[in-house]
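What follows is one structure encoded as structure tokens, with my remarks underneath.
The values are calculated or read from the model by the stated rules, or taken from the named source; none is laboratory data. Model, not experiment: these values are computed from the prediction. Every residue, glycine as well, gets a Cβ built from its backbone with ideal geometry; the counts of neighbours run over all protein chains shown. Surface accessibility is based on the protein's heavy atoms, side chains included, excluding ligands, DNA and RNA. Shrake-Rupley method; radii C 1.70, N 1.55, O 1.52, S 1.80 Å.
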Amino acid sequence: MAKRADILATLTAPLIRQNPVTLQILGICSALAVTTSLATAVTMSVSLTVVLTLSAVIISLIRRHLPDTIRLIVQIVIVASLVIVIDQILQAYLAEISRALSIYVSLITTNCLVLGRTEAFARHNPPLPAAVDAFGNGVGYSVILIVLGGIRELFGRGQLFGWQVLPLADAGGWFTPLSLMLLAPSAFFLLGGVVWAVRSLLPEQAEAPEHMPPATVRAAE
Amino acid sequence: MTELWTLFLSAAFVDNMPLTLFLGLCTFLALSKRPESAIGLGFAMIGVLGVTVPLNWLIYHGVLAPGAWAWAGRPELDLSYLSLIAFIGVIAATVQLLEMLLDRFFPTIHAAFGSFLPLLTVQCAILAGSLFMVDRSYTLAESAVFGVGSGLGFALAVAMLGAVRSRLAYADLPNGLRGLGIAFVLTGLMSLGFASFAQMAVSP
């Protein structure tokens, strides 16, 4: 039973409490770039979760045969091969979304989240916990992506998944789209707001001040 | 010549890597806590991007591009799906080589920002530089200019953010916003500022 509780904890910890984006600062690049619409955000989330889980399982399986000195190169090659497969699948079956994501699918290779989890967890654990941890982190990442994508698409275009949810003023409705939501700065503001919200709910995550003003340093001495 | 200059400016300002394309944000946020490390990272980025983008151009067009093996009687060979692995390998090797060269010939520079170099292997901005080079089919000269220009843009942005963050000591922030939260808000404000450079691209 204890073992099952462990696995459950590994799965649920990264959802909010150890969330890869808001706490571990992993995988931010793609989190911001692909959230202009919900469809791209969901595609990216699924691709990343698949790559992350598969690479964690593979690396965990060969962990005893992996020399420490070349492990980074081996890990990157495994991740890159999986990403190539995903990229080819997307190009074949979801050509339009694949074009919208442009190079960001290939950039899963250097997504710090994948390398961070394989390096920190999968390398020291058997395949099952490694897969569960990777899946949990993937889902935690997806939650943030989908929240951001939903907010940006809803307020930027009045749509969700391409369906008109809020009637636009141009078409006789009442909603004037905020085009700022589709531009780069709003992604930063929204993610900053999400981080603030999470850390207000969980105060133990708040960071200590980075610098002290000279006056207080002198006073402290 | 003017085209290259335009490309340089647009790579550095209009398509600024961290602020408008969200590339390389992990290191951008992690190493901008103080200005000194931010400037070190900036110089490392200029160097690595300026070397790897033209190098990857040579490899892509010499080995991987469709039709690159026409001289050997195999014009139908298309290895471009391997470009991701090839680029990552080139970047890892370049970073390693650059670190060894700096250590050997310029120990002072190496001491100043040597510790950031290994990190750059897994920096998305650097891989993205090479992927954009293929995506937008640059020539060799253009890819070199693009590499240096986007490196410079990254360096500018990270140095500015580092300078602003060290001033946060005087700001009384809510607990939850401290650190990562305010860094995002600052980056957003800088990104708004850089958005005004978008006008620059169209003026002749």
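Just a few scattered comments:
- Most positive-pole-ward Cα, B:Gly153, B:Leu84, B:Thr139, against dipole of chain B from beta carbon charges: B:Gly153
- Residues in the range B:117-136 that, when all protein chains are in place, have 40 Å² or more less accessible area than the chain alone would give (probe 1.4 Å): B:Val122, B:Cys124, B:Leu131
- Treating each Cα of chain B as one equal point scatterer and applying the Debye formula with no solvent, the log10 of I(q)/I(0) at q = 0.13 Å⁻¹ comes out as -0.76.
- Directionally averaged projected area (convex hull, Cα atoms, the range A:51-179), nm²: 9.3
- Average beta-carbon neighbours from other chains, 10 Å sphere, peptide A:79-87: 3
- Sequence-distant residues sharing a close amide H with A:Leu160 (under 5 Å, placed H): A:Val165
- Computed from protein heavy atoms with a 1.4 Å probe, the total accessible area buried between A and B is close to 3800 Å².
- Heavy-atom SASA rank of A:His65, B:His61, A:His124 (probe 1.4 Å, accessible area, largest first): A:His65, A:His124, B:His61
- Most mobile of A:Leu23, A:Leu61, A:Leu168 in a GNM of chain A (Cα contacts under 10 Å): A:Leu168
- Using the Karplus relation 6.51 cos²θ - 1.76 cosθ + 1.60 with θ = phi - 60°, the per-residue 3J(HN,Hα) values for the range A:74-89 come to 4, 4, 5, 5, 4, 4, 4, 5, 4, 5, 4, 4, 4, 4, 5, 4 Hz, with x marking Gly and Pro.
- Charge dipole (Cα centre; +1 on Lys/Arg Cβ, -1 on Asp/Glu Cβ; no other charges) of the range B:24-166 amounts to roughly 340 debye.
- Dipole size of the protein assembly as shown about its Cα centre, with +1 on Lys/Arg Cβ and -1 on Asp/Glu Cβ: approximately 740 debye, rounded to the nearest 20.
- Highest-MSF residue in chain A out of A:Val195, A:Val51, A:Val139 [GNM, Cα springs under 10 Å]: A:Val195
- Computed from backbone phi, the HN-Hα couplings of the range A:178-190 come to 8, 5, 4, 4, 8, 8, 4, x, 5, 4, 5, 4, 5 Hz, rounded to whole numbers (Karplus: 6.51 cos²θ - 1.76 cosθ + 1.60, θ = phi - 60°; Gly and Pro given as x).
- Over chain B, dividing the summed -39,500 (n - 2.57) contributions of all DSSP H runs of at least 4 residues by the number of residues returns a 222 nm mean residue ellipticity of -20500 deg cm²/dmol.
- Taken about its Cα centre, the range A:2-220 carries a charge dipole of roughly 420 debye when the Cβ of each Lys and Arg holds +1 and the Cβ of each Asp and Glu holds -1.
- Largest-first ordering by accessible area, 1.4 Å probe, given options B:Val122, A:Val21, B:Val90: B:Val122, B:Val90, A:Val21
- Of the residues in the range B:40-88, those shielded by at least 40 Å² of accessible area once partner protein chains are present, compared with the chain alone at a 1.4 Å probe, are B:Tyr81, B:Leu84, B:Ile85, B:Ile88.
- Heavy-atom surface of the protein assembly as shown, accessible at 1.4 Å and reported per residue (Å²): 46
- With a cut-off of 15 Å between beta carbons, the residues surrounding B:Ala159 carry a summed charge of +3, where Lys and Arg count +1 and Asp and Glu -1.
- Cα gyration tensor, the range A:2-220 - rounded (a/c under 1.5), prolate or oblate: oblate
- Of the residues B:Val53, B:Val63, B:Val145, the one that moves most in a GNM of chain B with alpha-carbon contacts below 10 Å is B:Val63.
- Under 14 Å, Cβ to Cβ, from B:Tyr138 - net charge with Lys/Arg +1 and Asp/Glu -1: -3
- Computed from the alpha carbon atoms alone, the convex hull of the protein assembly as shown holds 203 Å³ per residue.
- Of the DSSP H helices in chain B, those that are both long (alpha-carbon extent of 27 Å or more along the helix axis) and hydrophobic (Kyte-Doolittle mean at least 0.5) are B:35-59, B:83-105, B:140-166.
- Per-residue ellipticity at 222 nm, computed for chain A from helices alone with -39500 (n - 2.57) per DSSP H run of at least four residues, works out to -20000 deg cm²/dmol.
- Euclidean distance of C-alpha centroids, the range B:43-107 and the range A:75-145, integer Å: 23
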